[in-house]
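In what follows, a single structure is set out as structure tokens and then discussed.
The values are calculated or read from the model by the stated rules, or taken from the named source; none is laboratory data. It should be emphasised that the depicted structure is a prediction, and the values quoted were computed from it without experimental measurement. Glycine gets a Cβ as well: all are built from the backbone with ideal geometry, and neighbour counts include every protein chain shown. Areas reflect the complete protein model, heavy atoms only, side chains present, ligands, DNA and RNA absent. Shrake-Rupley method; radii C 1.70, N 1.55, O 1.52, S 1.80 Å.
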Amino acid sequence: TATTQLHMTLAFLGEFDGDEAIARARAAGDRVRADVFSVRIDQAGSFGSTWFLASAEPAPELAALQAQLASELARAGFALEARAFHPHLTFQRKAEHALPPTRVAPIRWLVENFTLFDSIPNERRYLALASWALR
């Protein structure tokens, strides 16, 4: 995965057509309030053949941001996935084998904003539709 494509998904909205859903998602993002915080990335692992980086102890501020955004998106009429939030940065897809949980040299990632992306699957890239600065 190119470094410009690395991201941490807070909420997956699925597929939808039209500007109305984008407008609802933007309005939900407008209502989110959170302070700047940092995340410590210190482990690697995998979901089968998908490799990721994550934090052994996710920042409580990250969980709070995700919960607040999910609540606002639900209020805006989006049906979000029911599975638990597992914050991670995917860096390899379709690897030849799973990656056992592995400690890595810590990386401090300063979270200063969150962004609404449109996934362009055939091109394996993301298009930013809106972004919100944290305080």
Fill in the blank from the handout: In degrees, nearest 10, the alpha-carbon axis of helix 19-30 is tilted away from the dominant principal axis of the alpha carbons of the chain by 70 degrees
Problem - region 1-120, accessible surface, carbon-and-sulfur percent (1.4 angstrom probe) - result: 52 percent
Handout entry: 222 nm mean residue ellipticity, helices alone, for the chain (DSSP H n ≥ 4; -39,500 (n - 2.57); rounded to 500)
Key = -6500 deg cm²/dmol
Problem - Degrees between helix 60-75 axis and first principal axis of the chain (Cα, 0 to 90, nearest 10) - result: 40 degrees
Exercise for the section: At 1.4 Å probe size, with every protein chain present, just tell me what the per residue accessible area of the chain comes to in Å². Expected result: 65 Å²
Problem - Inverse of mean 1/r across different Cα pairs in the chain, Kirkwood, Å - result: 16.0 Å
Fill in the blank from the handout: If unit charges are put on Cβ atoms (+1 for Lys and Arg, -1 for Asp and Glu) and the dipole of region 6-135 is taken about its Cα centre, the option from 68, 121, 37 lying farthest towards the positive end turns out to be 37
Practice task
Quote the relative contact order of the chain in percent (integer), defining contacts as alpha-carbon pairs under 8 Å separated by 6+ residues.
Solution key: 34 percent
Completion exercise
Burial-style ranking of 7-14, 78-85, average other-beta-carbon count within 10 Å with highest first, yields 7-14, 78-85
Practice task
About the Cα centre of the chain, how large is the charge dipole given +1 on each Lys and Arg Cβ and -1 on each Asp and Glu Cβ? Please answer in debye to the nearest 20.
Solution key: 280 debye
Practice task
Write down the Å³ per residue value for the convex hull defined by the alpha carbon atoms of region 57-116.
Solution key: 146 Å³
Completion exercise
Connecting every pair of Cα atoms under 10 Å apart in the chain and solving the GNM, the largest mean-square fluctuation among 35, 17, 118 falls on 17
Practice task
Would you please give the residues with an amide H less than 5 Å from that of residue 7, counting only those at least 5 places away or on a separate chain, with H modeled from the backbone geometry?
Solution key: 90
